[in-house]
Amino acid sequence: MEAQCRFEPGQTGKSVNLESLNLLEYEALRALIRRYAGSEAGRRVVDAVVPGIDRAVLEAAHAETSEALEFLAEAQAPSPRGGAAASPALRFSGLPDIEPSTAKLRIQGTVLEALEIAAIAALLERAAEIRQTLAPQAGRYPRLAAHAAGIGDFRGVLKAIDGKILPDGSLGDHASVALARIRRDLERQKRHIHESLERFLKQHRDDGLLQDEFVTIRNDRFVVPVVPSAKRKAPGVVHAASGSGQTLFIEPLETIELNNDLVRLADEELREIHRILAEMTSRLREHAAEIRETSGALAALDAIFARAHFAAETNAVVPRFASDEAPRLNLKDARHPLLDDLFRRQRKRVVPFTLTLDGALRTLLISGPNTGGKTVTMKTVGAFALMAQSGWPVPAAEAELPVFADVLADIGDNQSIEHSLSSFSAHVARIREMVEASQSGALVLLDELGRATDPDEGGALGVAILDEFRRGGCYTLASTHLLAIKVYGANTEGVLNASMGYDDETLAPTYILRTGAPGKSAGLDIAAKLGLPARLIERARAAMSSTGRDISRFLNELEAAVQEARAEADSLRRRQADLDERERVLEKEMARREAARLREIEEQAEQAQKRFDQEARATIERVLSAPEQRKQAERALRQVATTKRELKEAVQTVARGERPAVQAAPEQIQPGARVRLRDVGQPAKVLKKLGADRLEVEVGLLKMQIPLSEVLEVLPASQSAPSRLPSGVTFTGAGPRWDTLTREINVIGKTSLDAEEEVERFLDAAVLGEVTRVRIVHGHGMGVLKRMVQELLAKHPAVEKHYPASPAEGGNGATIAELKAG
C-alpha cells in the first residue's frame, strides 16, 4: 500500500518538490517509522514511501493503521477471564530477507544453498502463523485480513523440507536414504583408517621415526607426524611439513587406498547433498510466484504494524482528511515528531500547540520573540502534512487536514557562496520557485518573510507575496518580525495573526501559540538574557525611534489585554462548568428526594391498609358473633373492600403524579345514562335509582345493584341507534346467563397477593349481584393459590360452604363456593 502513496506527475503536473522534503527533514521522519519495522523487507516498504495526493489510497492506508492499532490494543489487553490476550501478537522481528534467494529462483538451473532454503522455510512458517491469526478475524480487521489472504499455503513444501536442514546449514542424515548410507560408510572408513594409522604408530613407537603419536589431516587425507629422516625408512606419501621443517606429515602406503576410498565416499556425499538441495530448490521454484507474493504481504503487514507501533508508543493519532467541499486544517496538542522523540529520550516534555484554519481563513501569520518556537510550529504543520499524506500517524490529540496539492517551504538561510547567492538573493530565488509551483490547495511555509533587507521594503515585499498565495487559494503559514506584515494580518480578511508566548518576568519564551493578535519580538530582552552586555542593550533602547518604542509598548499592552481576556474567558468557562455541575447535583438531589417522598407515601398507605385490615377483621369477627347482625357485617365487609380499593388507587395516582378522578355529580346520573364503573372495563347503563345512594345498572347481560359511589363518570350518549331484529326472529345469547345463578373467576398465573385481592372483589360483586354459587379457577401448580383461596373462603362472612369442583368443572384445579342467600 505504501508504494502507492506518492505524488503522481499526472496529478500534480510537477515532480516531487525535493527542496521542501529536505527542509522539512522528511528522511528523518521516515527513519522514525522505519525504526519500528521488524524485517528488512518491511523497512524497504517504508523506504519506498513518498507523500501522495490520492485520497482513496491515503484513506485506505490510514484505515489499515487504525485496524492495526485496534489489534495491538486487543493483543496487549488481558482476557476478561484473566487468561491470555484475545488476539495473539504478530511477530515480524527476525524475519529473514529472502529477496536475493527469490531472485535466484527466477534463474533456471540455479541451486540454492541450504541456509537460503532454510531462510525461505522459516519465513513461510512465520507467514502461516500470521495468516492463521488474521484470516479468522476478517470481520473485525478486513484490511489486515486482505493482506493475510495474499499468504499462500505451503504445507506440502514445508513438509518436504522440515527438519532436513540443520541450524548450521548442513543437511541432516535423514535428508535422504542414500545420504544416510553414505555417511555410515564414511564413518566406517574413517575408523578403518584410524585403526591402520594406530597400528603404524604402534609399530614405529620405539624406532625413532615418529615426531609425535597422533593422527591428523592434511590435504583432506589422514596422516601421522614423523621426523625428516623417516622419509626413506617409512614408505608413504608426504603431504606437508611443519614451518621449521622438523616434522613431515606422511600418509603410509597401507592407508593410501583407504584414504582414496574415503575421498570417493566424500565425493558421493557432496553429490547427494547437491541432488537434495537441487530437489528442494525445484520444489520452491514451482511456487516462486506465491513465495514472492507471500513475502510482499508480510512486508506490507510489517510496515502497517510499524506505523501502529509508532502511534502507540508516541501517543500519536491517525489523521483524518477534511472533505474537498469543506477543507479544514485543525490540529490539537500537536508536537513535532523529531523534537518529541528527542525530548522523550531526555525525559522532557514538548509544549504542544493548537490551531485551526477553515473556510476562507487560510493564512496564519506568526510573530513573537526569537527562539520562541515560530519555526518549529511551521515545521510541525509541514511535517504533519507530509506524514499524513504518507499514510503515517502524527503526534497530536486530534488531527484533521486537507489533502494538500503540494507542500512548499522556505525555511532557514539558503545563502550559497558556490552559486554567489546572498541570504536575501537565496530567499527571493526560493520564493520565486514556490510562486511558480503554487496551486490552489497547496501548503506554503515561509520563515522570516521579508528578512535580510530593509524592513520597509521587506515588509512591502512580504505583504505582496502573502497576498499572492492567499489569492491563489493556498494554505499559508508565515513567521515575521515586520510591522507591515502584522498590520496586513490585522486588516485582511482570511488572514489571522498569532503570536508565540513570552514571559515578561522571566524574559523567556513560553512556546505557547496564541491566535488573534500579533506578538512582540522582544529582541533586546532576548539579547540581554543571552548575555549581551547591559551597556549595549541600553544604547540600543535609546537609539530606538519614538515610533518603534510606541509600537513595542502597544504590542506589549495588546498582548497583555489578550492574555487578560483569555484568562477571563477561561474563568468564565470554569464558572459555567461549575454551575452546570451544581445544576446536575441539584437535579439528582431533587430526584432523590422525590423518590424518597413517594416511598414514604407508599409505606404510610401500606401501614394504614394493614391497620385497616386488622381493625376490619376484628370488627367483623365481633359482629358475626351476633347472628342478628350478620347483614350489617356483610355491608361492613363490602365497605372495607371498597375503601381498600380507593386507598390503593389514590396511592398509585399520587405516585404517578396524577390527580384523583372526580366522581360524577348525582344529578347527572339518571335512568338511561351511560356510566363508567370502578373496576369495570365495559360501560354500564343506568336502569333505575334505588333510593338516594344506590342504583340498578346493566353491564352487558349482567344486571346488578351498586352504590352510587361506584360510578366514576357519566359517558356521552352513544350515537348509534340500537339494532333491531327482523320480525319473527329471536336471539338467545351464548354467553353466561345470570339467571342460572353461577359465575367464575380465573386467577392462574397471578401472585398470591394479587389473586387474593381479585377474589375478594369478585366475592363482593357476587354478593351484590345476589349470586349463590361461584367457581374459582386456581390451577394445581405448587398449591399456593389453592391454599390461599380455601383459607379466604373459610373465613369470608358471605360464604356458606366451599368444596373442590367436580371433574367436569376442573376437579382439584378449581374450588366451588356457595354464598349465603341475601
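The values are calculated or read from the model by the stated rules, or taken from the named source; none is laboratory data. Since the model is a prediction, treat every value here as computed from it, not as a measurement. Don't worry about glycine lacking a Cβ; one is built from the backbone with ideal geometry, like all the others, and counts go over all protein chains shown. To get the accessible areas, we keep the full protein, side chains included, count just its heavy atoms, and leave off ligands, DNA and RNA. Shrake-Rupley method; radii C 1.70, N 1.55, O 1.52, S 1.80 Å.
Hey, how many Å between the Cα centroid of region 45-61 and the Cα centroid of region 97-124?
Centre-to-centre (Cα) distance: 30 Å.
Put a dot 7 Å past each Cα toward the Cβ at GLN203 and GLU293; how far apart are the dots in nm?
6.8
For LYS685, what accessible area in Å² do you get when you roll a 1.4 Å probe over the heavy atoms of the protein chains, rounding to the nearest 10?
100
Quote the charge dipole size of region 310-445 about the Cα centre in Debye, to the nearest 20; the model charges only the Cβ of Lys and Arg (+1) and of Asp and Glu (-1). Numbers along the way, then the final one.
On the way: 14 positive and 15 negative charges, 127 e Å.
Using only the charged Cβ atoms, the result is roughly 620 debye.
Mind ranking 466-477, 150-161 by how tightly packed they are, going by the mean number of other C-beta atoms within 10 angstrom, highest first? Walk me through the numbers before you get to the answer.
Details: 466-477: 20.1, 150-161: 16.5.
In decreasing order of mean packing, 466-477, 150-161 become 466-477, 150-161.
Please work out the FRET efficiency for the pair GLU758 and ALA567, using the Cβ-Cβ distance as r and a Förster radius of 45 Å; give the result to the nearest 0.05. Intermediate results must be reported in sequence, preceding the final value.
Values: r = 70 Å, r/R0 = 1.55.
Once rounded, the FRET efficiency stands at 0.05.
When the accessible area of region 227-382 is split by element with a 1.4 Å probe, what percent falls to carbon and sulfur? Please list the in-between numbers first.
On the way: 3660 of 7100 Å².
Heavy-atom surface of region 227-382 belonging to carbon and sulfur, 1.4 Å probe: 52 percent.
Starting from the amide H of ASN746, placed 1.01 Å from N in the peptide plane, find each other amide H under 5 Å away whose residue is 5 or more places distant or on another chain.
VAL777
Of all the accessible heavy-atom surface of region 140-188, with the other protein chains kept in place and a 1.4 Å probe, what percent is carbon and sulfur? Intermediate results must be reported in sequence, preceding the final value.
Values: 1430 of 2640 Å².
Carbon-and-sulfur percentage of accessible area, whole number: 54.
Just the number, please: carbon plus sulfur as a percent of the accessible area of region 779-822, 1.4 Å probe, no ligands or DNA/RNA counted. Present the calculation step by step, with values, prior to reporting the outcome.
Details: 1290 of 2360 Å².
Its accessible area is 55 percent carbon and sulfur atoms.
Counting only residues 5 or more places away or on other chains, whose amide H sits under 5 Å from the amide H of LEU687 once H atoms are built in the peptide plane?
GLY672, GLU696, VAL697, GLU698
Give the peptides 581-590, 272-281 in descending order of average Cβ contacts within 10 Å, highest first.
Numbers: 581-590: 10.0, 272-281: 17.7.
Highest to lowest by the protection proxy: 272-281, 581-590.
What list of ³J(HN,Hα) values in whole Hz, one per residue of region 578-592 in order, does the Karplus curve 6.51 cos²θ - 1.76 cosθ + 1.60 (θ = phi - 60°) give from phi, with Gly and Pro shown as x?
5, 5, 4, 5, 5, 4, 5, 5, 5, 4, 5, 5, 5, 5, 5
What accessible area per residue comes out for region 213-267, rounded to a whole number of Å², with a 1.4 Å probe? Could you put the intermediate results ahead of the total?
On the way: 2920 Å² over 55 residues.
Result: 53 Å² of accessible area for each residue.
Set the Förster distance to 60 Å, then compute FRET efficiency between ASP185 and ARG91 from the Cβ-Cβ distance, nearest 0.05.
Numbers: r = 43 Å, r/R0 = 0.71.
FRET efficiency, ASP185 to ARG91: 0.90.
What is the distance in Å between the Cα centroid of region 381-402 and that of region 565-582?
32
³J(HN,Hα) across region 325-331 via Karplus (A = 6.51, B = -1.76, C = 1.60, θ = phi - 60°), whole Hz, x for Gly/Pro?
For region 325-331, the Karplus curve yields 6, 9, x, 7, 10, 9, 10 Hz.
Modelling each spin label as a point 7 Å along the Cα-to-Cβ direction, I'd like the SER425/LEU253 distance in nm, to one decimal.
Between SER425 and LEU253, the simple spin-label model gives 9.3 nm.
Given LYS164/LYS190; LYS348/LYS374; LYS104/LYS164; LYS588/LYS750; LYS786/LYS820; LYS588/LYS610, which pairs have Cα atoms separated by over 29 Å? Write down the numbers at each step before the final one.
Details: LYS164/LYS190 24 Å; LYS348/LYS374 20 Å; LYS104/LYS164 21 Å; LYS588/LYS750 36 Å; LYS786/LYS820 22 Å; LYS588/LYS610 33 Å.
Distance filter (> 29 Å) returns LYS588/LYS750; LYS588/LYS610.
Expressed as a whole number of Å, what is the distance separating the alpha-carbon centroids of region 143-211 and region 745-793?
Each part's Cα centre sits 95 Å from the other's.
If I model a spin label as a point 7 Å beyond the Cα along the Cα-Cβ vector, how far apart are those points for GLU493 and THR110 in nm?
Spacing of the two 7 Å Cα→Cβ label points: 6.7 nm.
In whole Hz and in residue order, list the ³J(HN,Hα) couplings for region 125-135 that follow from phi through the Karplus curve 6.51 cos²θ - 1.76 cosθ + 1.60, θ = phi - 60°; x for Gly and Pro.
For region 125-135, the Karplus-derived couplings read 5, 5, 4, 5, 4, 5, 4, 5, 7, 8, 4 Hz, x marking Gly and Pro.
Can you give me the long-range amide H partners of LEU819? Hydrogens built in the peptide plane at 1.01 Å from N, cutoff under 5 Å, separation of 5 or more residues or another chain.
ARG773, VAL774, GLU800
Of the listed peptides 350-358, 107-115, 300-308, what is their order by residue-averaged count of other C-beta atoms within 10 Å, with the highest listed first? Before the final figure, lay out the partial values.
Details: 350-358: 18.8, 107-115: 13.4, 300-308: 26.6.
Put in order of decreasing packing, that is 300-308, 350-358, 107-115.
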